[in-house]
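Here the structure comes first, spelled out in structure tokens, and everything after it is commentary.
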Amino acid sequence: MGLHNPPEVPMELHRQNRTNLVNAMRRHLQSEGLPVNGVVLLQGGEEQTRYCTDHAILFRQESYFAYLFGVREPGFFGAIDISTEKAFLFSPRLSEEYAIWLGTIPSLSYLKEKYEVDEIYYTDQMESILRSLAIGNENVLLYLLHGLNTDSNKFSQPATFEGLKTFNTNLEILHPILTECRVIKSDLELNLLRYVSEVSSAAHVEVMRRTRVEMKEYQLESMFLNYTYMYGGCRHCSYTCICATGENSSVLHYGHAAAPNDRTLKDGDMALLDMGAEYHFYGSDITCSFPVNGKFTNDQKMVYNAVLSAHKAVISAMKPGVSWVDMHKLAEKVILESLKDANILLGAVEQMMEKRLGAVFMPHGLGHFLGLDTHDPGGYLEGLERPKEPGLRSLRTVRVLREGMVITVEPGCYFIGATLIPAMENSDTSCFINKQAISTFQDFGGVRIESDVIVTGDGCENLTNCPRETWEIEAVMNGEPWPLKR
Ligand code: GLY
């Protein structure tokens, strides 16, 4: 175990992101016959304290703001003048109390150099600076971020400040354009995603190797957190760790406050560990599934290999031009074929697909964009509609793949009462299910295998490097190094 080598975080990455946005805004305004000027204005995140104490919750920057400016501190605004491409930051004016409790107050010149923007002022100067960007006698038009996130169903909050009412504002144009910029990653963004995936993969291997029967699920979580922070410098995770064992591994987002990774691992359990670190805002999202005692049973091997075959089939087929909906269906088909080969399902797989039986075993979507957010936005731009059918309606994107997209590939097969019982009661689907055979899987839980994948010019690149074959997992759990030396 050694230190990973955290990459430099060049502010060039955020400068490039701003240039992408300005170019895309100019193209759009030109194509609509609108004046190619105005100012993009974003408000960064605010630090939150708990109601009954002054302890601050560790601040993590708002993602759109982080994409454009890379600023780590709370309370900032950022602006970009579309006609000149000049970038402005507006810093909160910090009180003397700050210097006592939180450290030296950074000067504006320090912040300007740190974040490589053209100009920096205090937030209380923002109104007059923005006004000075007017061309001629025109009032400045501010493009503000307002749009629906199709996963959370929440709207982003447009920037707000005293005096905003005296400006012209546009709430429609910026969000789809900036979101689309985030969908295609630059080489500098990919470097960070590569790094965080490398650290998270190594942390998964470490946890896999040190897992023992009778441990608590939270000990696996704690080993992951320790590794990614101690050896990778990753202070944040992309999401709350899902450390599910036994029947818990069929709970898709286990690990939340009401199910806090607190079960004791039993001999014969499968573990499903879905955990990813974050580095300079960019995240990873990796799932490994393995038997906690280090040796697959025949049933575990069958379900695991069904999911692994789907994972491999999708990664072999991914390239620009391929529809993500088709990839989801491919994964479902491979899993259904394997369950049929194991005599758990009966009948023709094509008919099972027509009746959407795949959604009974994999109720979530095959994967989602990944970047500054675990579920990175942009999955339903271009006027795309969310499908209505079971399984497909859980897809976080239905887009056609393009070079530079980063997406998770995470097929799964779960034995979930909440989907299986209705399917066995429904006359459309009950005929496919071998009730006797499936009864032995009642407490099995589930398997998910998840990798983070870049779409390249002619295929894809898998950033995740974890043992995936059953024999690789058994060897690593038996103490062999990873990658295997044999
Ligand atoms: N892997 C966690 C999630 O996708 O929400």
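Nothing in this text is a laboratory measurement; each read-out follows from the coordinates by a stated rule. Keep in mind the model is a prediction, meaning the values are calculated, not measured. Cβ coordinates were reconstructed from backbone atoms using ideal geometry, including for glycine residues, and neighbour counts include every protein chain displayed.
What nm distance separates the two modelled labels at TYR122 and MET353, each placed 7 Å from Cα along Cα→Cβ?
For the pair TYR122/MET353, the computed spacing is 6.5 nm.
What does the extension gain come out to for GLU172 and SER95, with contour length at 0.36 nm per residue minus their alpha carbon separation?
Fully extending the segment from GLU172 to SER95 adds 24.1 nm.
Using a ≥ b ≥ c from the Cα gyration tensor of the range 331-486 (square roots of the eigenvalues), is it rounded, prolate or oblate, where a/c under 1.5 gives rounded and otherwise the larger of a/b and b/c decides, a/b for prolate?
Judged from the Cα gyration tensor, the range 331-486 comes out oblate (a/c at least 1.5, b/c at or above a/b).
LYS165 to ALA134: extension gain in nm, 0.36 nm per residue of separation minus the Cα-Cα distance?
9.6 nm
Select from the chain the helices, each a whole stretch of DSSP H, whose alpha-carbon atoms run 30 Å or more along the helix axis and whose Kyte-Doolittle mean is at least -0.5; answer none if there are none. Display every interim value, and only then the final one.
Working: long enough: 187-210 (34 Å, -0.02).
Helices passing the filter in the chain: 187-210.
Can you work out ³J(HN,Hα) from phi for every residue in the range 259-273, in order, using Karplus 6.51 cos²θ - 1.76 cosθ + 1.60 and θ = phi - 60°, giving whole Hz and x for Gly and Pro?
9, x, 6, 10, 7, 8, 6, 10, 4, x, 6, 8, 10, 10, 10
If you put +1 on each Lys and Arg Cβ and -1 on each Asp and Glu Cβ, how big is the dipole of the range 63-156 around its Cα centre, in Debye rounded to 20?
140 debye
Mean residue ellipticity at 222 nm from the helices of the chain, using -39,500 (n - 2.57) per DSSP H segment of n ≥ 4 over the full residue count, to the nearest 500 deg cm²/dmol?
Working: 15 runs with 166 residues, N = 486.
That comes out to -10500 deg cm²/dmol.
So, in Å, what gap is there between the alpha-carbon centers of the range 45-113 and the range 199-254?
Centre-to-centre (Cα) distance: 31 Å.
Let me know the shape class of the range 400-447, please: from the alpha-carbon gyration tensor, a ≥ b ≥ c as square roots of the eigenvalues, rounded when a/c is under 1.5, otherwise prolate if a/b is greater than b/c, or oblate.
prolate
For the charge dipole of the range 366-413, defined by +1 on Lys and Arg C-beta atoms and -1 on Asp and Glu C-beta atoms about the Cα centroid, which residue among THR374, VAL400, LEU384 has the Cα displaced farthest towards the positive pole?
LEU384
Taking the Cα centre of the range 295-345 as origin, work out the dipole magnitude from +1 charges on Lys and Arg Cβ and -1 charges on Asp and Glu Cβ, in debye rounded to 20.
Here the size comes out at about 140 debye.
I'd like the Karplus ³J(HN,Hα) series for the range 234-249: coefficients 6.51, -1.76, 1.60, θ = phi - 60°, whole numbers in Hz, and an x wherever there's a Gly or Pro.
In residue order, the calculated couplings are 9, 7, 10, 9, 6, 6, 5, 4, 9, 10, 9, 10, x, 5, 4, 6 Hz.
Is the chain best put as rounded, prolate or oblate by its Cα gyration tensor, with a ≥ b ≥ c the root eigenvalues, rounded for a/c under 1.5, and otherwise prolate when a/b is larger than b/c, oblate when not?
Prolate.
Cα to Cα, under 21 Å, and not fewer than 8 places away if on the same chain: which lysines meet these conditions relative to LYS154?
Excluding near neighbours in sequence, the set is LYS388.
Quick one: 3J(HN,Hα) in Hz for the range 133-144, Karplus 6.51/-1.76/1.60 with θ = phi - 60°, rounded, Gly and Pro as x.
Per-residue couplings from phi come out as 7, 4, 9, x, 8, 5, 6, 5, 9, 9, 8, 10 Hz.
Which value, in Å³ per residue, describes the convex hull spanned by the Cα atoms of the range 44-119?
97 Å³
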